[in-house]
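Please read the structure below before turning to the comments.
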Amino acid sequence: MNIVLGVIIGIIVLMFLIVAHEFGHYIAAKRNGVKVNEFGIGFPPRAIAWVKGKDGKLHKIPKEDAEKTYDTTILSLNWIPIGGFCAMDGESDADRRKGTFGAASFWAKTKILFAGVTMNWLVAFVILTILAFTGMPQFINNQFRIDSDAHIEAEPVLVSEVIDNSPAAQAGIQSGDRITAINQQKIITGTEIVNYNNNHAGETVEYTILRDGAEQTVPVTLGNQGSDYLLGVSMASSQTLVRSTWSAPIVGAVTTVQLTGETFRGLGELLWNLVTGVVSQISPDSNTREAGRQDIAKAGDSVSGPVGIIGSIFPAFTNAGPTNLAFLAALISVSLACMNVLPIPALDGGRWLLMAIYRIRGKKLTKETEEKIVSRAFIVLLALIVLITILDVTKFF
(Lines give C-alpha, C1' and ligand atoms only; values in the text may rest on other atoms or scores of the structure.)
Protein backbone atom coordinates (compact mmCIF):
# COMPACT_ATOMS: atom_id res chain seq x y z
CA MET A 1 0.00 0.00 0.00
CA ASN A 2 2.88 2.38 0.80
CA ILE A 3 4.39 1.71 -2.64
CA VAL A 4 1.07 2.49 -4.34
CA LEU A 5 0.75 5.72 -2.35
CA GLY A 6 4.33 6.64 -3.21
CA VAL A 7 3.69 6.02 -6.92
CA ILE A 8 0.55 8.19 -6.86
CA ILE A 9 2.36 11.00 -5.03
CA GLY A 10 5.29 10.67 -7.44
CA ILE A 11 3.03 11.09 -10.47
CA ILE A 12 1.33 14.12 -8.90
CA VAL A 13 4.64 15.79 -7.98
CA LEU A 14 6.19 15.19 -11.40
CA MET A 15 3.01 16.49 -13.05
CA PHE A 16 3.18 19.66 -10.95
CA LEU A 17 6.87 20.28 -11.71
CA ILE A 18 6.49 19.73 -15.46
CA VAL A 19 3.33 21.87 -15.61
CA ALA A 20 5.18 24.61 -13.69
CA HIS A 21 7.94 24.40 -16.31
CA GLU A 22 5.42 24.75 -19.15
CA PHE A 23 3.64 27.56 -17.31
CA GLY A 24 6.92 29.47 -17.38
CA HIS A 25 6.92 29.17 -21.19
CA TYR A 26 3.26 30.24 -21.23
CA ILE A 27 3.82 33.40 -19.18
CA ALA A 28 6.89 34.43 -21.19
CA ALA A 29 5.11 33.78 -24.50
CA LYS A 30 2.11 35.89 -23.50
CA ARG A 31 4.31 38.72 -22.23
CA ASN A 32 6.25 38.77 -25.50
CA GLY A 33 3.25 38.80 -27.82
CA VAL A 34 3.38 35.15 -28.91
CA LYS A 35 0.03 33.39 -29.23
CA VAL A 36 -0.37 30.18 -27.23
CA ASN A 37 -2.79 27.86 -29.02
CA GLU A 38 -3.23 25.50 -26.09
CA PHE A 39 -1.97 25.05 -22.55
CA GLY A 40 -2.57 21.51 -21.42
CA ILE A 41 -2.22 19.56 -18.18
CA GLY A 42 -1.43 15.95 -19.05
CA PHE A 43 -1.14 14.68 -22.61
CA PRO A 44 -3.92 13.86 -25.12
CA PRO A 45 -6.41 12.38 -25.56
CA ARG A 46 -8.24 15.41 -24.22
CA ALA A 47 -10.65 14.94 -21.32
CA ILE A 48 -12.10 18.44 -21.07
CA ALA A 49 -11.19 21.91 -22.36
CA TRP A 50 -12.21 25.53 -21.95
CA VAL A 51 -11.74 28.72 -23.93
CA LYS A 52 -12.27 32.33 -22.89
CA GLY A 53 -15.28 33.91 -24.56
CA LYS A 54 -15.94 37.52 -25.52
CA ASP A 55 -17.59 38.02 -22.11
CA GLY A 56 -14.22 37.29 -20.45
CA LYS A 57 -15.46 34.02 -18.90
CA LEU A 58 -14.24 30.47 -19.52
CA HIS A 59 -16.57 28.31 -21.59
CA LYS A 60 -16.40 24.55 -21.97
CA ILE A 61 -15.59 23.41 -25.51
CA PRO A 62 -18.15 20.88 -26.82
CA LYS A 63 -16.73 17.57 -28.04
CA GLU A 64 -17.93 18.25 -31.57
CA ASP A 65 -15.74 21.39 -31.64
CA ALA A 66 -12.63 19.64 -30.33
CA GLU A 67 -10.68 20.24 -33.56
CA LYS A 68 -11.80 23.84 -33.94
CA THR A 69 -9.19 26.62 -33.72
CA TYR A 70 -9.70 29.67 -31.53
CA ASP A 71 -8.23 33.16 -31.34
CA THR A 72 -7.54 32.70 -27.63
CA THR A 73 -5.72 29.99 -25.68
CA ILE A 74 -7.42 26.64 -25.09
CA LEU A 75 -6.99 25.38 -21.52
CA SER A 76 -7.24 21.59 -21.37
CA LEU A 77 -7.11 18.63 -19.02
CA ASN A 78 -5.88 15.45 -20.70
CA TRP A 79 -6.04 11.77 -19.86
CA ILE A 80 -2.33 10.82 -19.79
CA PRO A 81 -0.89 12.15 -16.48
CA ILE A 82 2.77 12.52 -17.45
CA GLY A 83 3.24 16.27 -17.54
CA GLY A 84 1.84 19.09 -19.64
CA PHE A 85 2.49 21.23 -22.70
CA CYS A 86 2.45 24.79 -23.97
CA ALA A 87 1.65 24.76 -27.70
CA MET A 88 2.70 28.09 -29.18
CA ASP A 89 1.67 29.29 -32.61
CA GLY A 90 4.40 28.87 -35.25
CA GLU A 91 7.08 27.21 -33.10
CA SER A 92 9.49 26.96 -36.02
CA ASP A 93 12.23 29.61 -36.00
CA ALA A 94 11.51 30.24 -39.69
CA ASP A 95 7.83 31.18 -39.18
CA ARG A 96 7.28 34.89 -39.82
CA ARG A 97 3.53 35.25 -39.25
CA LYS A 98 2.62 37.94 -36.74
CA GLY A 99 2.14 36.62 -33.22
CA THR A 100 4.11 33.42 -33.82
CA PHE A 101 7.17 32.19 -31.94
CA GLY A 102 9.24 32.35 -35.13
CA ALA A 103 8.38 36.03 -35.70
CA ALA A 104 9.49 37.04 -32.18
CA SER A 105 12.88 38.70 -31.67
CA PHE A 106 15.87 36.58 -30.69
CA TRP A 107 15.80 38.12 -27.19
CA ALA A 108 12.09 37.32 -26.84
CA LYS A 109 12.74 33.71 -27.92
CA THR A 110 15.56 33.50 -25.38
CA LYS A 111 13.23 34.61 -22.59
CA ILE A 112 10.49 32.20 -23.72
CA LEU A 113 12.82 29.18 -24.00
CA PHE A 114 14.51 29.74 -20.65
CA ALA A 115 11.37 30.75 -18.75
CA GLY A 116 10.63 27.07 -18.10
CA VAL A 117 13.95 26.37 -16.38
CA THR A 118 13.65 29.65 -14.49
CA MET A 119 10.26 28.51 -13.19
CA ASN A 120 11.74 25.19 -12.03
CA TRP A 121 14.52 26.98 -10.16
CA LEU A 122 11.92 29.32 -8.65
CA VAL A 123 9.76 26.38 -7.50
CA ALA A 124 12.83 24.79 -5.87
CA PHE A 125 13.70 28.09 -4.17
CA VAL A 126 10.16 28.43 -2.74
CA ILE A 127 10.09 24.83 -1.46
CA LEU A 128 13.56 25.11 0.11
CA THR A 129 12.73 28.47 1.69
CA ILE A 130 9.64 26.94 3.32
CA LEU A 131 11.74 23.98 4.50
CA ALA A 132 14.30 26.40 5.94
CA PHE A 133 11.49 27.84 8.10
CA THR A 134 9.97 24.49 9.08
CA GLY A 135 13.14 22.38 9.24
CA MET A 136 15.63 21.73 6.43
CA PRO A 137 16.91 18.12 6.15
CA GLN A 138 20.66 17.82 5.64
CA PHE A 139 21.37 15.70 2.58
CA ILE A 140 24.50 17.21 0.98
CA ASN A 141 28.01 17.84 2.27
CA ASN A 142 28.51 21.27 3.84
CA GLN A 143 24.87 22.15 3.23
CA PHE A 144 24.49 25.90 3.65
CA ARG A 145 23.20 27.46 6.84
CA ILE A 146 23.83 30.67 8.75
CA ASP A 147 25.01 29.42 12.14
CA SER A 148 23.80 32.50 14.05
CA ASP A 149 20.25 31.79 12.82
CA ALA A 150 20.40 27.99 12.70
CA HIS A 151 18.40 26.00 15.25
CA ILE A 152 19.55 22.40 14.93
CA GLU A 153 17.22 19.57 15.88
CA ALA A 154 18.97 16.21 15.94
CA GLU A 155 20.26 13.52 18.21
CA PRO A 156 24.08 13.28 18.13
CA VAL A 157 25.52 10.59 15.88
CA LEU A 158 25.24 7.19 17.56
CA VAL A 159 28.10 4.68 17.56
CA SER A 160 26.27 1.41 16.89
CA GLU A 161 29.34 -0.83 16.64
CA VAL A 162 33.09 -0.57 17.34
CA ILE A 163 35.43 -2.80 15.31
CA ASP A 164 38.01 -4.77 17.33
CA ASN A 165 41.59 -3.41 17.28
CA SER A 166 40.47 -0.32 15.33
CA PRO A 167 41.65 3.21 16.30
CA ALA A 168 38.25 3.77 17.97
CA ALA A 169 38.54 0.58 20.05
CA GLN A 170 42.10 1.43 21.08
CA ALA A 171 40.95 4.90 22.17
CA GLY A 172 38.18 3.45 24.33
CA ILE A 173 35.15 4.48 22.27
CA GLN A 174 32.24 2.14 23.00
CA SER A 175 29.04 1.05 21.30
CA GLY A 176 26.25 3.35 22.46
CA ASP A 177 28.45 6.47 22.63
CA ARG A 178 27.21 9.56 20.83
CA ILE A 179 29.75 11.74 18.99
CA THR A 180 29.05 15.46 19.46
CA ALA A 181 32.30 17.13 18.28
CA ILE A 182 35.80 16.56 16.90
CA ASN A 183 38.54 18.95 18.01
CA GLN A 184 35.74 21.14 19.44
CA GLN A 185 34.09 21.36 15.99
CA LYS A 186 30.40 20.52 16.33
CA ILE A 187 29.35 17.39 14.41
CA ILE A 188 25.81 16.84 13.10
CA THR A 189 25.96 13.94 10.64
CA GLY A 190 27.96 10.79 10.11
CA THR A 191 29.11 12.17 6.75
CA GLU A 192 30.80 15.07 8.54
CA ILE A 193 32.72 12.57 10.69
CA VAL A 194 33.85 10.61 7.63
CA ASN A 195 34.96 13.78 5.84
CA TYR A 196 36.82 15.07 8.89
CA ASN A 197 38.64 11.76 9.32
CA ASN A 198 39.64 11.70 5.65
CA ASN A 199 41.08 15.21 5.95
CA HIS A 200 43.02 14.35 9.13
CA ALA A 201 44.12 10.75 8.44
CA GLY A 202 47.06 9.68 10.61
CA GLU A 203 46.57 12.55 13.06
CA THR A 204 45.58 12.43 16.71
CA VAL A 205 42.27 14.23 17.17
CA GLU A 206 39.99 14.79 20.17
CA TYR A 207 36.54 13.20 19.96
CA THR A 208 33.89 14.62 22.28
CA ILE A 209 31.44 11.84 23.15
CA LEU A 210 28.28 11.62 25.23
CA ARG A 211 28.20 8.52 27.44
CA ASP A 212 25.59 7.86 30.16
CA GLY A 213 24.48 11.50 30.01
CA ALA A 214 27.98 12.92 30.57
CA GLU A 215 30.35 14.43 28.01
CA GLN A 216 34.00 13.40 27.87
CA THR A 217 36.91 13.96 25.52
CA VAL A 218 38.74 11.00 24.00
CA PRO A 219 42.00 11.36 22.02
CA VAL A 220 41.95 9.14 18.91
CA THR A 221 44.89 8.45 16.61
CA LEU A 222 43.27 7.97 13.23
CA GLY A 223 44.51 5.37 10.78
CA ASN A 224 46.53 6.43 7.76
CA GLN A 225 45.03 6.71 4.27
CA GLY A 226 44.92 3.22 2.77
CA SER A 227 44.66 1.48 6.15
CA ASP A 228 41.72 -0.79 6.95
CA TYR A 229 40.04 1.79 9.18
CA LEU A 230 40.55 5.48 9.84
CA LEU A 231 38.25 5.26 12.88
CA GLY A 232 36.58 1.85 12.82
CA VAL A 233 32.96 2.36 13.89
CA SER A 234 29.50 1.86 12.44
CA MET A 235 27.27 4.90 12.91
CA ALA A 236 23.51 5.42 13.02
CA SER A 237 22.67 9.08 12.55
CA SER A 238 19.11 10.32 13.04
CA GLN A 239 17.33 12.81 10.79
CA THR A 240 18.88 16.25 11.21
CA LEU A 241 16.72 19.33 10.68
CA VAL A 242 17.98 22.92 10.69
CA ARG A 243 15.40 25.65 11.26
CA SER A 244 16.03 29.26 10.23
CA THR A 245 14.05 32.47 10.67
CA TRP A 246 15.20 35.68 8.98
CA SER A 247 17.81 33.80 6.94
CA ALA A 248 15.33 31.28 5.45
CA PRO A 249 15.14 32.95 1.99
CA ILE A 250 18.95 33.15 1.89
CA VAL A 251 19.23 29.48 2.88
CA GLY A 252 16.62 28.58 0.23
CA ALA A 253 18.49 30.48 -2.49
CA VAL A 254 21.97 29.18 -1.64
CA THR A 255 20.73 25.59 -1.22
CA THR A 256 19.13 25.85 -4.68
CA VAL A 257 22.52 26.91 -6.05
CA GLN A 258 24.23 24.05 -4.16
CA LEU A 259 21.79 21.49 -5.57
CA THR A 260 22.33 22.92 -9.05
CA GLY A 261 26.09 22.54 -8.66
CA GLU A 262 25.72 18.98 -7.34
CA THR A 263 23.42 18.11 -10.26
CA PHE A 264 25.85 19.39 -12.90
CA ARG A 265 28.73 17.67 -11.09
CA GLY A 266 26.78 14.40 -11.10
CA LEU A 267 26.01 14.77 -14.81
CA GLY A 268 29.70 15.39 -15.48
CA GLU A 269 30.73 12.28 -13.53
CA LEU A 270 28.06 10.24 -15.30
CA LEU A 271 29.30 11.32 -18.72
CA TRP A 272 32.96 10.76 -17.75
CA ASN A 273 32.28 7.24 -16.41
CA LEU A 274 30.27 6.36 -19.50
CA VAL A 275 32.85 7.66 -22.00
CA THR A 276 35.90 6.22 -20.23
CA GLY A 277 34.07 2.94 -19.67
CA VAL A 278 33.15 2.54 -23.33
CA VAL A 279 36.59 3.62 -24.62
CA SER A 280 38.38 1.22 -22.28
CA GLN A 281 36.56 -1.74 -23.84
CA ILE A 282 38.84 -1.56 -26.89
CA SER A 283 41.93 -1.94 -24.72
CA PRO A 284 43.88 -5.22 -25.03
CA ASP A 285 44.46 -5.21 -21.26
CA SER A 286 41.84 -7.26 -19.38
CA ASN A 287 42.22 -5.19 -16.18
CA THR A 288 41.53 -1.98 -18.10
CA ARG A 289 38.44 -3.52 -19.69
CA GLU A 290 37.19 -4.69 -16.29
CA ALA A 291 37.73 -1.22 -14.80
CA GLY A 292 35.79 0.16 -17.77
CA ARG A 293 32.90 -2.21 -17.13
CA GLN A 294 32.82 -1.01 -13.53
CA ASP A 295 32.68 2.60 -14.74
CA ILE A 296 29.76 1.74 -17.04
CA ALA A 297 27.97 -0.03 -14.17
CA LYS A 298 28.61 2.98 -11.94
CA ALA A 299 27.09 5.24 -14.60
CA GLY A 300 24.02 3.01 -14.79
CA ASP A 301 23.59 2.95 -11.00
CA SER A 302 23.85 6.74 -10.72
CA VAL A 303 20.91 7.58 -12.98
CA SER A 304 17.18 6.93 -12.71
CA GLY A 305 14.41 7.46 -15.20
CA PRO A 306 10.66 7.91 -14.65
CA VAL A 307 10.18 4.28 -13.55
CA GLY A 308 12.97 4.46 -10.98
CA ILE A 309 11.87 7.85 -9.67
CA ILE A 310 8.17 7.01 -9.38
CA GLY A 311 8.45 3.30 -8.53
CA SER A 312 11.36 3.37 -6.08
CA ILE A 313 12.58 6.81 -4.99
CA PHE A 314 9.19 8.41 -4.31
CA PRO A 315 7.85 5.48 -2.21
CA ALA A 316 11.03 5.57 -0.10
CA PHE A 317 10.82 9.32 0.45
CA THR A 318 7.06 9.14 1.08
CA ASN A 319 7.73 6.69 3.91
CA ALA A 320 10.37 9.09 5.26
CA GLY A 321 7.76 11.82 5.73
CA PRO A 322 6.56 15.06 4.11
CA THR A 323 9.74 17.01 4.89
CA ASN A 324 11.95 14.58 2.96
CA LEU A 325 9.36 14.34 0.19
CA ALA A 326 9.36 18.14 -0.22
CA PHE A 327 13.18 18.16 -0.41
CA LEU A 328 13.01 15.47 -3.12
CA ALA A 329 10.51 17.60 -5.08
CA ALA A 330 12.92 20.56 -4.89
CA LEU A 331 15.80 18.37 -6.04
CA ILE A 332 13.83 17.03 -9.02
CA SER A 333 12.75 20.57 -9.92
CA VAL A 334 16.41 21.62 -9.98
CA SER A 335 17.25 18.52 -12.04
CA LEU A 336 14.57 19.42 -14.62
CA ALA A 337 16.05 22.91 -14.89
CA CYS A 338 19.59 21.59 -15.30
CA MET A 339 18.59 19.01 -17.90
CA ASN A 340 16.70 21.56 -19.98
CA VAL A 341 19.63 23.98 -20.24
CA LEU A 342 21.86 21.27 -21.74
CA PRO A 343 22.81 21.85 -25.41
CA ILE A 344 20.62 19.02 -26.72
CA PRO A 345 18.45 20.21 -29.66
CA ALA A 346 15.34 18.44 -28.36
CA LEU A 347 15.56 20.46 -25.13
CA ASP A 348 15.22 24.19 -24.43
CA GLY A 349 18.93 24.89 -24.19
CA GLY A 350 19.65 22.98 -27.38
CA ARG A 351 16.92 24.78 -29.34
CA TRP A 352 18.32 28.13 -28.22
CA LEU A 353 21.87 27.09 -29.16
CA LEU A 354 20.68 25.93 -32.58
CA MET A 355 19.03 29.30 -33.27
CA ALA A 356 22.09 31.16 -31.96
CA ILE A 357 24.51 29.22 -34.18
CA TYR A 358 22.52 29.98 -37.32
CA ARG A 359 22.32 33.66 -36.41
CA ILE A 360 26.08 33.85 -35.81
CA ARG A 361 26.65 32.15 -39.18
CA GLY A 362 24.24 34.61 -40.81
CA LYS A 363 22.17 31.78 -42.27
CA LYS A 364 18.45 31.14 -42.14
CA LEU A 365 17.31 28.18 -40.05
CA THR A 366 14.64 26.64 -42.25
CA LYS A 367 11.71 24.71 -40.84
CA GLU A 368 12.88 21.52 -42.57
CA THR A 369 16.42 21.79 -41.16
CA GLU A 370 15.18 22.55 -37.64
CA GLU A 371 12.69 19.68 -37.67
CA LYS A 372 15.35 17.27 -38.97
CA ILE A 373 17.89 18.21 -36.28
CA VAL A 374 15.37 18.32 -33.43
CA SER A 375 13.65 15.06 -34.46
CA ARG A 376 16.95 13.17 -34.64
CA ALA A 377 18.01 14.52 -31.26
CA PHE A 378 14.60 13.57 -29.87
CA ILE A 379 14.99 9.99 -31.16
CA VAL A 380 18.39 9.73 -29.43
CA LEU A 381 16.90 11.20 -26.25
CA LEU A 382 13.95 8.81 -26.43
CA ALA A 383 16.32 5.85 -26.91
CA LEU A 384 18.28 6.97 -23.84
CA ILE A 385 15.07 7.19 -21.81
CA VAL A 386 14.09 3.67 -22.93
CA LEU A 387 17.55 2.37 -21.96
CA ILE A 388 17.37 4.03 -18.53
CA THR A 389 13.85 2.66 -18.07
CA ILE A 390 15.08 -0.87 -18.82
CA LEU A 391 17.88 -0.41 -16.27
CA ASP A 392 15.34 0.86 -13.75
CA VAL A 393 13.12 -2.17 -14.28
CA THR A 394 16.03 -4.59 -13.86
CA LYS A 395 16.79 -3.00 -10.46
CA PHE A 396 13.44 -4.28 -9.18
CA PHE A 397 14.42 -7.92 -9.85
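Structure notes:
- Scanning the range 226-235 turns up no residue that is under 30 Å from Val334 (Cβ atoms), in contact (Cβ under 8 Å) with a residue 60 or more places away in the chain and small (Gly, Ala, Ser).
- Lone unmet requirement of (1) without any contact (Cβ under 8 Å) to a residue 60 or more places away in the chain; (2) under 26 Å from Leu328 (Cα atoms) for Gly213: (2)
- Summed over the range 3-39, the residues that are in a helix (DSSP H, G or I), farther than 21 Å from Gly321 by Cβ and of a type in the set (Val, Ile, Thr) give a count of 3.
- Looking across the range 155-166 at every residue that is surrounded by 15 or more Cβ atoms within 10 Å (Cβ to Cβ) and out of contact with any helix residue (DSSP H, G or I) (no Cβ under 6 Å at 6 or more places or on another chain), the one that is nearest to Thr134 (Cα to Cα) is identified as Pro156.
- Ala169 surrounded by 13 or more Cβ atoms within 10 Å (Cβ to Cβ) and closer than 16 Å to Leu222 by Cα: yes
- Those strands (runs of 3 or more DSSP E) of the range 113-221 in which at least 2 residues are within 21 Å of Leu241 (Cβ to Cβ), considering only elements entirely within it, cover 151-153, 157-162, 178-182.
- When restricted to residues that are hydrophobic (A, V, I, L, M, F, W, C) and in contact with a Gly (Cβ under 6 Å, 6 or more places away or on another chain), the range 120-161 contains 4.
- Residue list for the range 233-256, restricted to those being at pLDDT 85 or above and part of a loop (DSSP other than H, G, I, E, B): Ser244, Thr245, Trp246, Ser247
- Residue count, the range 179-195 (criterion: of a type outside the set (A, V, I, L, M, F, W, C) and modelled with pLDDT of 90 or more): 1
- Of the residues making up the range 40-97, those that are small (Gly, Ala, Ser), without any contact (Cβ under 8 Å) to a residue 60 or more places away in the chain and either assigned to a strand (DSSP E or B) or touching a Leu at 6+ places or on another chain (Cβ under 9 Å) (or both) number 6.
- Checklist (1) touching a helix residue (DSSP H, G or I) at 6+ places or on another chain (Cβ under 8 Å); (2) crowded, with 17+ Cβ neighbours inside 10 Å; (3) more than 30 Å from Val341 (Cβ to Cβ) applied to Gln225, failing item: (2)
- Residue match in the range 140-150 (condition: basic (Lys, Arg), farther than 23 Å from Gly226 by Cα and crowded, with 16+ Cβ neighbours inside 10 Å): yes
- Test: Ala103 is of a type in the set (A, V, I, L, M, F, W, C), modelled with pLDDT under 95 and part of a loop (DSSP other than H, G, I, E, B): yes
A quick yes/no check of all residues on (1) modelled with pLDDT under 65; (2) buried (at least 19 other Cβ atoms within 10 Å of the Cβ); (3) within 23 Å of Asp95 (Cβ to Cβ):
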site	(1), (2), (3)
Ser312	yes, no, no
Met355	no, no, yes
Lys367	no, no, yes
Ala377	no, no, yes
Leu382	no, no, no
Leu387	yes, no, no
Leu391	yes, no, no
Thr394	yes, no, no
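- Criterion: in a loop (DSSP other than H, G, I, E, B) and crowded, with 16+ Cβ neighbours inside 10 Å - qualifying residue of Leu230, Leu267, Leu259: Leu230
The values are calculated or read from the model by the stated rules, or taken from the named source; none is laboratory data. All values derive from a computational prediction rather than experimental measurement. All Cβ positions, even for glycine, are placed from backbone atoms using ideal geometry, and neighbour counts span all protein chains on display.
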